[in-house]
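**Student:** Here you go, one structure.
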Amino acid sequence: MGTEAGAAAAALQVNQDLWPFALYAFAVAGLLAATLGISRLIGSATPRTSATDQPFESGVIAAGEADQVRLTIEFYLIAMFFVIFDLEAVFIFAWAVAFEELGWRGYVGASVFILVLLLALLYEWRTGVLDWGVLKRTKPPQRPETG
């Protein structure tokens, strides 16, 4: 008989723990329904026209189809460099968070990492990869032809 009372008390405890969650869930659902209902009542419907079906970005009217757009190689180079150096920032933030645990070995490792990336940036800058407009890239040295 004692075990049945203990099981009933445990079930009652579970039910007491769940009622705040159920109340919260019903409150969220009610707020969502009220928000959607009120916006439906006071909002105005925009009639569908050819202008509303066109993409709009930064005030630029679309010209042509997406497959007709030709982007220069500089766009892709800058995008790749952004990804590389953006990931660098992620690794440096992670190192900064664990700075005390890593100690001097972590400091040296992060310094080498930053130095390699700075050398890569210097190389990109010196070869003209980061220049837009008129191409100023240096050509790699030609190998002498052997006969």
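The values are calculated or read from the model by the stated rules, or taken from the named source; none is laboratory data. This is a predicted model, so every value here is computed, not measured. Here the Cβ positions follow ideal geometry from the backbone for every residue, glycine too, while neighbour counts run over all protein chains shown. Note: accessible area is taken over every heavy atom of the protein model, side chains too, but ligands, DNA and RNA are not part of it. Shrake-Rupley method; radii C 1.70, N 1.55, O 1.52, S 1.80 Å.
**Student:** Restricting to the stretch 102-121, what's the tally of residues that are farther than 26 Å from Leu77 by Cα and among the aliphatic types (A, V, I, L, M)?
**Tutor:** Qualifying residue count for the region: 2.
**Student:** Residues being surrounded by 12 or more Cβ atoms within 10 Å (Cβ to Cβ) and among the charged types (D, E, K, R): count how many of those fall in the stretch 74-107.
**Tutor:** 2
**Student:** Val116 is checked against (1) under 22 Å from the mean Cα position of the chain (by Cα); (2) open to solvent by 70 Å² or more (accessible area, probe 1.4 Å) and fails just one. What number does that condition carry?
**Tutor:** Among (1) under 22 Å from the mean Cα position of the chain (by Cα); (2) open to solvent by 70 Å² or more (accessible area, probe 1.4 Å), Val116 violates only (1).
**Student:** Can you find even one residue in the stretch 11-28 that is of a type outside the set (Ser, Thr, Tyr), touching a strand residue (DSSP E or B) at 6+ places or on another chain (Cβ under 9 Å), at pLDDT below 75 and open to solvent by less than 100 Å² (accessible area, probe 1.4 Å)?
**Tutor:** No, the stretch 11-28 has no match at all.
**Student:** Could you say whether any residue in the stretch 49-66 is exposed (fewer than 10 other Cβ atoms within 10 Å of the Cβ), modelled with pLDDT of 80 or more and not aromatic (Phe, Trp, Tyr)?
**Tutor:** Taking every residue of the stretch 49-66 in turn, at least one turns out to be exposed (fewer than 10 other Cβ atoms within 10 Å of the Cβ), modelled with pLDDT of 80 or more and not aromatic (Phe, Trp, Tyr).
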